[in-house]
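J.: One structure, as structure tokens, below. Some questions next.
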Amino acid sequence: MTLYCKRGYKGYLYLEDGTLIEGCGFGAKGIRAGEVVFTTSMNGYPESLTDPSYRGQILVITHPLVGNYGVPEKQRVEGILTNFESEQIQVEGLVVAEETDPFKWNSSKSLHEWLLSEGVPGLSDVDTRSIVKKVRSRGVMMGVIASGYEIEDPKKFLEKKYDEIDFTQFTSPKAPIVHLGNTGETIVVVDCGVKHGILYQLHQRGFTIVRVPCKFNASKIMDYYPKGVVFGNGPGNPNLLQEVIENFKELTEYKIPILGICLGHQVATLAMGGKVNKMKFGHRAINKPVIDISSNKCYITTHNHGYGILSKEDLPPNSKLWFINPDDGTIEGWIHEKLPIITTQFHPEARPGPWDVTWVFDKFKKMVSRNA
Ligand SMILES: NC(=O)CC[C@H](N)C(=O)O
């Protein structure tokens, strides 16, 4: 059967296990390598594609039709984006079953035009379910995506392994960035590639936010006289971030309230003596259940992680299990018993996803005012 490609060019996905998948190219013509991961989110592609945690990854969206509500114009509150998670597309490439032109009044461009304008290759008209089945049974693997080109020597692109690259060098700001609030209280956000959804939740609670480069040390952080510190999400393998882990440890000497989210939760775990390991294929979706052990309530939450605390034995000493994932038993959050530290592996800010757990930010605010 001949493939009709509406953008006029073909595309390919090569998987590390030797599989070659042919489809249609869209977005920018180009070839890129990355770890192939999938999300089962039904919506929220503007947020997912701009989430810096996806740096170094080729994202497969399992929802069968992507692009129908287009791409909005950027909107901001006090410099914080309210409808994207960062300034640019972060994924290395995008794979979908079908991409479509938009049918929405506030769309400024199509998914195709957006990828084109940002130089990101897309692949459509492929069986995304077969890719997911492979990734689920073999575990995540590296891949090469090509749009408008054939992949002649895929191995050439696969010399570097995702787990060995510190992607925060691409996603962390080079100098501090300030977003003013109205309470006079400052929170420092250690920004390894923080989602604007996290900044927005902090801003809504009145804090002035100082985003500092990922590797800022504890005394430089304390120079801002913060009331609390947030270690946010970010890309790649947390075990490579020794400097950030050391800074976290030093910061605990000040006994300042700390909230760790996703990569921040992993850094906190490693700093406090726990273990974080690679998962087989991770959690990426906007409908993942977590159980709050303290209340026995289940919440539906947003996830995007490929590493995690895989069992209770890997929790840091002196920490109390807070959230657990009932699907696979992995740890989704802990509370320190002696220091004011709380962490979540999931994303309490959602974006995209349900806002069931934004109360985690209220809990952090209470910790901050108790400490004031
Ligand atoms: N969203 C995140 O912060 C992801 C953390 C880490 N890069 C992981 O994949 O597990």
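Throughout, read-outs are computed from the coordinates displayed, never taken from laboratory work. Bear in mind the structure is a predicted one, so any value in this text is a computation, not a measurement. A quick note on method: Cβ atoms are made from the backbone with ideal geometry, for glycine too, and the neighbour counts reach across all protein chains shown.
J.: Can you give me the angle between helix 242-252 and the longest principal axis of the chain, using Cα atoms only, in degrees from 0 to 90, rounded to the nearest 10?
T.: For helix 242-252, the angle is close to 30 degrees.
J.: Another question, then. To the nearest 10 degrees, how steep is helix 128-138 against the longest Cα principal axis of the chain, on a 0 to 90 scale?
T.: That helix lies at roughly 60 degrees to the long axis.
J.: How many nm is it between the label spots at ASP223 and LYS363, if each spot is 7 Å from the Cα in line with the beta carbon?
T.: Output for this residue pair reads 3.3 nm.
J.: Cα convex hull of the chain: mean projected area in nm², to one decimal?
T.: 17.8
J.: Let me ask something additional. On the Cα set of the range 330-372, report Rg and Dmax in Å, please.
T.: 11.6, 34
J.: OK, next. Label ASN371 and ILE177 with points 7 Å out from Cα along Cα→Cβ: what is the distance between them in nm?
T.: Modelled inter-label distance: 2.4 nm.
J.: Expressed as cubic angstrom per residue, what is the convex hull volume of the alpha carbon set of the range 15-103?
T.: Dividing the Cα hull volume of the range 15-103 by its residues yields 110 Å³.
J.: To the nearest 10 degrees, how steeply does helix 359-371 sit against the main Cα axis of the chain, on a 0 to 90 scale?
T.: Once rounded, one gets 30 degrees.
J.: Cα-based Rg (one decimal) and Dmax (whole number) for the range 64-205, in Å?
T.: 18.6, 58
J.: Between TYR149 and SER311, what length in nm is gained on full extension when 0.36 nm per residue of separation is reduced by their alpha carbon distance?
T.: This chain segment gains 54.0 nm when fully extended.
J.: Take every DSSP beta bridge whose two residues both sit in the chain, then give the antiparallel share in percent to the nearest 5.
T.: About 65 percent, rounded to the nearest 5.
J.: Another one. Mind checking which lysines have their Cα closer than 21 Å to the Cα of LYS109? Skip sequence neighbours fewer than 8 apart in that chain.
T.: LYS6, LYS29, LYS74
J.: So how far apart, in nm, are the two label points at GLN242 and LYS133 if each is 7 Å from Cα heading toward Cβ?
T.: Computed distance between label sites GLN242 and LYS133 equals 4.4 nm.
J.: Considering the alpha-carbon set of the range 180-282 alone, what are its Rg and its Dmax in angstrom?
T.: 13.4, 44
J.: Write out the cysteines belonging to the chain for which the nearest other cysteine Cβ is not under 4.7 Å, or none if no such cysteine exists.
T.: By the Cβ distance rule, which asks for a partner under 4.7 Å, the isolated cysteines are CYS262, CYS298.
J.: So what's the Cα pair-distance distribution over the range 273-372, bin width 10 Å, in %?
T.: 15, 48, 32, 5, 0
J.: In nm, what is the difference between 0.36 nm times the number of residues separating CYS5 and ILE300 and their Cα-Cα distance?
T.: Between CYS5 and ILE300, full extension yields an extra 102.4 nm.
J.: Still on this model: On alpha carbon coordinates alone, what is the Rg over Rh value for the range 168-371, Rh being the Kirkwood radius?
T.: Ratio of gyration radius to Kirkwood radius for the range 168-371: 0.93.
J.: Hey, what number do you get for the chain at 222 nm if only DSSP H runs of n ≥ 4 count, each worth -39500 (n - 2.57), divided across all residues, to the nearest 500?
T.: About -5500 deg cm²/dmol.
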